[in-house]
Amino acid sequence: MQSDHEALQKAAAEHLWLHFSRMGAYQRGEEIPVIVRGEGCYLEDTHGNRYLDALAGLFAVQIGYSYGDEIGEAAAKQMRELPFYTNWSYAHPRAIELATEVAQLAPGDLERVFFTSGGSESVESAWKLARQYHTLRGERRWKAIARNVAYHGTTMGALSINGVAELRTPFEPLVPGVFHVSNTVAYHRPEGETEAQFTAWLLDELERTIEAEGPNTIAMVIMEPVQNAGGAIVPPEGYWSGVRELCDRYGILLCADEVITGFGRVGAWFGSERYGIRPDIITCAKGLSSAYASIGAVIASERVAEPFLAPGTTYTHGITFGGHPVQAAIALANLKIMRGERIVEGVAEREGTFRDTLATLLDLPIVGDLRGVGYFYALELVKDKDTRETFTDEECEDLLRGFLSPRLLEAGLICRADDRGDPVIQISPPLIAGQEEFDRMTAILGDVLSEAAERMSGAGSRQPVAPPTRVGASTPA
Ligand SMILES: Cc1ncc(COP(=O)(O)O)c(C=O)c1O
């Protein structure tokens, strides 16, 4: 007789198409990690193994995994009252309440909330919104500027905006008119360059790109307050005020993609607030419901909404599930918990000790840089700390996918070893994590990275550890 575990493995291998996964290995009998339970910051698999989830699902489960009862009650109540109705020409109370609450939490005059089913749809909707905004004002602007190595989603528009070449090329030709500028990773900048010089260099490059591509044709600049891909890349001083100033000068809308940074991850409700960004549009998803529901949003300023309020005018865009009442009820319950439990304040209070704990890993020869903010960090791995030399593609494959991903999982830690930019370990736990979790993840990372350093210096075995490529091995997001 097959155990539940075996039956799940067989059915998954035969029927479940995993996202961003090397499926072939599973056809050849490699085990698919099947997560069955969550509690606090921890997950459990079919073997009863427990993992500390230092990635909060996918940078999403702000409140952790233990609020199923409370949130389930809100969902069940809404199911009984009104399981579905649309936001196409109609409203319902939960969408209205959630829009009001999100508008209150959002900085500045970002007052208008358009709901989506997730982050890619939010980015897609933001680009369309920016294009139609300009059209309504009598300008033909369609292009977008984003940053290298930035991830913005997988639907064709959002994918085209991505700055990760490997994700784009299989699907070319993409939506035309996207241009990429440098991201703000400082670690590999020339020695002796000041922060002010770096900011000036970045802004100069952005301005030259705007000028080269035709200022009157550019609809929006889209950037994350802290960029995820490439490893929690924080902006240098003066960067955001400079980007805002350039957007104003050339009549371009500024969109802050807060799919990850929104709802507490950087120690404020929005990264735009923490960095004084003053965007025209915010895209968000994940943390809005702590990923208990598939709901996202585009939040637009009054200035952006204004041309759409003219008589006979419509934002020619809609999504059946946008603002779904059950999803909205779940997001409302999540925000109530986040406020009641002071989740965002907790991040701001604990971020210093979190960072200090992780910083002990900088003593390891393989850890070159620790960057990030709030509950959003990355450790950059280097071959040579003095020269900051990075690993080759082949070495990255061996180090990240051949060794670190499976070994970290084996050691009970879910985080991400990623090399969309330089090789990094991404750490982004639920926002309820405390010193116990900081210590635990740092201890596991310390052991596994020490082993990795030995391995990469040639002293250790080069045999891949079994089983290779598991949870979080290379998944974008
Ligand atoms: C900044 C950013 N934008 C957009 C997306 C796409 O979101 P989704 O996977 O919900 O479509 C992600 C996903 O991680 C993201 O990090």
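Quick check on this structure: which one of Leu129, Leu82 is buried (at least 17 other Cβ atoms within 10 Å of the Cβ) and either within 16 Å of the ligand (Cβ to nearest atom) or modelled with pLDDT of 95 or more (or both)? It would help to see each step written out before you state the result.
Working: Leu82 fails: buried (at least 17 other Cβ atoms within 10 Å of the Cβ).
Answer to the check: Leu129.
When each of Ala165, Ala146 is tested for being touching a Gly at 6+ places or on another chain (Cβ under 9 Å) and among the small types (Gly, Ala, Ser), the lone residue that passes is Ala146. Flag: Phe321 matches the condition of being farther than 28 Å from Gly372 by Cβ, within 16 Å of the ligand (Cβ to nearest atom) and aromatic (Phe, Trp, Tyr).
Residue by residue, here is whether (1) at pLDDT below 95; (2) more than 26 Å from Leu55 (Cα to Cα) holds:
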residue: Ser3; (1), (2): yes, yes
residue: Lys10; (1), (2): yes, yes
residue: Leu16; (1), (2): no, no
residue: Met23; (1), (2): yes, no
residue: Gln27; (1), (2): yes, yes
residue: Val34; (1), (2): no, no
residue: Arg37; (1), (2): no, no
residue: Gly40; (1), (2): no, no
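Just to check your reading of the model, which residue among Glu454, Glu395 is without any contact (Cβ under 8 Å) to a residue 60 or more places away in the chain and either over 25 Å from the mean Cα position of the chain (by Cα) or part of a helix (DSSP H, G or I) (or both)? Even if it seems obvious, please write down each step before you answer.
On the way: Glu395 fails: without any contact (Cβ under 8 Å) to a residue 60 or more places away in the chain.
Testing whether each residue is without any contact (Cβ under 8 Å) to a residue 60 or more places away in the chain and either over 25 Å from the mean Cα position of the chain (by Cα) or part of a helix (DSSP H, G or I) (or both) leaves just Glu454.
Within region 193-212, is even one residue under 28 Å from Arg416 (Cβ atoms), assigned to a loop (DSSP other than H, G, I, E, B) and among the hydroxyl-bearing types (Ser, Thr, Tyr)? For region 193-212, residues under 28 Å from Arg416 (Cβ atoms), assigned to a loop (DSSP other than H, G, I, E, B) and among the hydroxyl-bearing types (Ser, Thr, Tyr): absent. Each residue in region 411-420 was checked for being part of a loop (DSSP other than H, G, I, E, B) and either buried (at least 24 other Cβ atoms within 10 Å of the Cβ) or in contact with a Gly (Cβ under 9 Å, 6 or more places away or on another chain) (or both), and 2 pass.
Consider only pairs whose beta carbons are under 6 Å apart and that are at least six residues apart or on different chains; among these, list those whose first residue lies in region 295-313 and is within 29 Å of Val326 (Cβ to Cβ) and whose second residue is surrounded by fewer than 16 Cβ atoms within 10 Å (Cβ to Cβ). If the second residue must be surrounded by fewer than 16 Cβ atoms within 10 Å (Cβ to Cβ), the pairs left are Ser301/Asp109. Restricting attention to region 244-259, the residues that are more than 16 Å from the ligand (Cβ to nearest atom) and surrounded by 24 or more Cβ atoms within 10 Å (Cβ to Cβ) add up to 2. Of the listed requirements (1) touching a helix residue (DSSP H, G or I) at 6+ places or on another chain (Cβ under 8 Å); (2) closer than 20 Å to Ile252 by Cα; (3) within 16 Å of the ligand (Cβ to nearest atom), Gly153 misses just one: (2). Beta carbons closer than 9 Å, at least 6 apart along the sequence or on distinct chains, pair a first residue in region 421-442 that is in a strand (DSSP E or B) with a second that is β-branched (Val, Ile, Thr) and crowded, with 21+ Cβ neighbours inside 10 Å for Ile425/Val367.
Does Ala75 fit the bill of being closer than 27 Å to Glu437 by Cβ, surrounded by 13 or more Cβ atoms within 10 Å (Cβ to Cβ) and in contact with a helix residue (DSSP H, G or I) (Cβ under 6 Å, 6 or more places away or on another chain)? It is false that Ala75 is closer than 27 Å to Glu437 by Cβ, surrounded by 13 or more Cβ atoms within 10 Å (Cβ to Cβ) and in contact with a helix residue (DSSP H, G or I) (Cβ under 6 Å, 6 or more places away or on another chain). Scanning region 136-183 for residues that are β-branched (Val, Ile, Thr) and not in a loop (DSSP other than H, G, I, E, B) turns up Ile145, Ile161, Thr169, Val178, Val181. Checking Gly276, Gly262 one by one, the residue that is buried (at least 24 other Cβ atoms within 10 Å of the Cβ), within 28 Å of Leu55 (Cα to Cα) and free of Cβ contacts under 8 Å to residues at least 40 places away in the same chain is Gly262 and no other. Here the condition is being surrounded by 15 or more Cβ atoms within 10 Å (Cβ to Cβ) and in contact with a strand residue (DSSP E or B) (Cβ under 8 Å, 6 or more places away or on another chain); of Val326, Val373, Val344, Val367, it holds for Val367 alone.
The values are calculated or read from the model by the stated rules, or taken from the named source; none is laboratory data. Note that the structure is predicted; figures quoted are calculated from it, not measured. Cβ sites come from the backbone with ideal geometry, for glycine too, and all protein chains shown count toward neighbours.
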